[in-house]
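Student: If you scroll down you'll find the structure; I have some questions about it.
The values are calculated or read from the model by the stated rules, or taken from the named source; none is laboratory data. Just so it is clear, the structure is predicted and the values come from calculations on it, not from any experiment. So basically every Cβ, Gly included, is an ideal-geometry build from the backbone, and we count neighbours across all protein chains shown. Side chains are part of the model used for accessible areas, which takes the heavy atoms of the whole protein and leaves out ligands, DNA and RNA. Shrake-Rupley method; radii C 1.70, N 1.55, O 1.52, S 1.80 Å.
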Amino acid sequence: MRASVDELRCQLMDRDTDVRFVDTSDLPDADAAKTPAGVLAELMQLRSRDNPDFEMLLIGKDGGVKARTGDPDALEDFLSQIDTMSMRRAEMRAEGGGDSACQPEG
């Protein structure tokens, strides 16, 4: 997963995407209502799933969970999903296309 993040770093940055690796067994027991947009609550729920080995969440700028998967190879699918979101489409129109910062110069 870390190799995929490194490989797609430019596309992730172009989409203003922050990648965090969280070991859910280390999450504190906390009042989820006091956490920003309930993100901690979503992560804490992962501890109780039948297969907690891996979970990838796509959390929107509004704090809502937009997608989740147990497939570590789905990072590019998440990038594609981000590109369908209205805020991202507006950014791409304003910039004249997607991944402009990722194109080689010259």
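Student: Which of (1) hydroxyl-bearing (S, T, Y); (2) out of contact with any Phe, Trp or Tyr (no Cβ under 9 Å at 6 or more places or on another chain); (3) at pLDDT 70 or above is the odd one out, the single condition S100 does not satisfy?
Tutor: Of the numbered conditions (1) hydroxyl-bearing (S, T, Y); (2) out of contact with any Phe, Trp or Tyr (no Cβ under 9 Å at 6 or more places or on another chain); (3) at pLDDT 70 or above, the odd one out for S100 is (3).
Student: So, one more: With L57, L79 as the choices, which residue is in contact with a helix residue (DSSP H, G or I) (Cβ under 6 Å, 6 or more places away or on another chain), modelled with pLDDT of 80 or more and not β-branched (V, I, T)?
Tutor: Only one candidate qualifies: L79.
Student: Looking only at residues that are assigned to a helix (DSSP H, G or I) and either free of Cβ contacts under 8 Å to residues at least 40 places away in the same chain or over 13 Å from the mean Cα position of the chain (by Cα) (or both) in region 79-90, which one is farthest from F54 (Cα to Cα)?
Tutor: Among those residues, the one meeting the criterion is A90.
Student: In addition: So A37 fits all but one of (1) surrounded by 15 or more Cβ atoms within 10 Å (Cβ to Cβ); (2) hydrophobic (A, V, I, L, M, F, W, C); (3) at pLDDT below 80; what number is the exception?
Tutor: (1)
Student: For region 1-21, what are the residues that are of a type outside the set (D, E), open to solvent by 100 Å² or more (accessible area, probe 1.4 Å) and without any contact (Cβ under 8 Å) to a residue 12 or more places away in the chain?
Tutor: Across region 1-21, the qualifying residues are R9, R20.
Student: What are the residue pairs meeting all of these: first residue in region 58-76, first residue farther than 23 Å from E7 by Cβ, second residue exposed (fewer than 12 other Cβ atoms within 10 Å of the Cβ) and among the acidic types (D, E), Cβ atoms under 9 Å, and 6 or more apart or on different chains?
Tutor: K61/D16
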